[in-house]
Amino acid sequence: MSESREITDEDAIKMLKIVLKHLEKKVKNKKSKKKSENRLINEDLLKIYLQNGEDYFKEYLNNLKLDDLRSIISKYGLDKTRITRKWKSKEKYIDFIINKLKNIINKGDVFK
């Protein structure tokens with residue numbers, strides 16, 4: 001028959017340290033990957049839109065990946081209701097971003 005060995009506090013602490021080290025490595029790898037993916041959206045979108053116009057901006061967004069468009073919406077807080085989460089089409093995302101930027105630019109025009 002097999003002998004059961006009692007786990008001491010020291011053994012438990014050693015095992016926990018090993019597990020924590022492993023989890024920290026996984027988290028660090030995910031964070032560094034995320035930064036490299038999001039480097040495209042660090043530019044000021046409003047500045048690009050205003051300086052180059054809607055057609056250029058639409059082409060700029062069209063060259064990005066779908067995940068980058070989702071990141072833009074998330075980073076700038078453009079979708080408070082989270083309606084865009086279920087979309088699969090780049091065109092829908094691009095139109096949504098452009099419409100939100102237009103709303104930001106035109107905000108307050110009613111009072112002029």
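Express in % the proportion of alpha carbon pairs of segment 40-111 at distances exceeding 18 Å.
Working: 882 of 2556 pairs.
In whole percent, the share of Cα-Cα pairs in segment 40-111 beyond 18 Å is 35.
Counting only other residues whose beta carbon sits under 11 Å from that of ASN52, what net charge do I get with K and R as +1, D and E as -1? Spell out each step's value before the answer.
Numbers: positive: LYS47, LYS58; negative: GLU54, ASP55, GLU59.
That works out to -1.
Using 20 Å as the Cα-Cα cut-off, could you pick out the over-long pairs in LYS80/LYS102; LYS58/LYS80; LYS21/LYS75; LYS47/LYS75; LYS25/LYS88? Can you show the working numbers first?
Details: LYS80/LYS102 16 Å; LYS58/LYS80 22 Å; LYS21/LYS75 30 Å; LYS47/LYS75 16 Å; LYS25/LYS88 32 Å.
From the list (LYS80/LYS102; LYS58/LYS80; LYS21/LYS75; LYS47/LYS75; LYS25/LYS88), the Cα-Cα distance tops 20 Å for LYS58/LYS80; LYS21/LYS75; LYS25/LYS88.
Please report the relative contact order for segment 40-111, taking Cα pairs under 8 Å with a sequence separation of at least 6, and give it as a percent rounded to a whole number.
33
No lab work stands behind these numbers, since they all come straight from the coordinates. Only a predicted model underlies this, so the values are computations on that prediction, with no experimental measurement involved. Methodologically, a virtual Cβ is constructed for each residue, glycine included, from the backbone with ideal geometry; neighbour enumeration extends over all protein chains shown.
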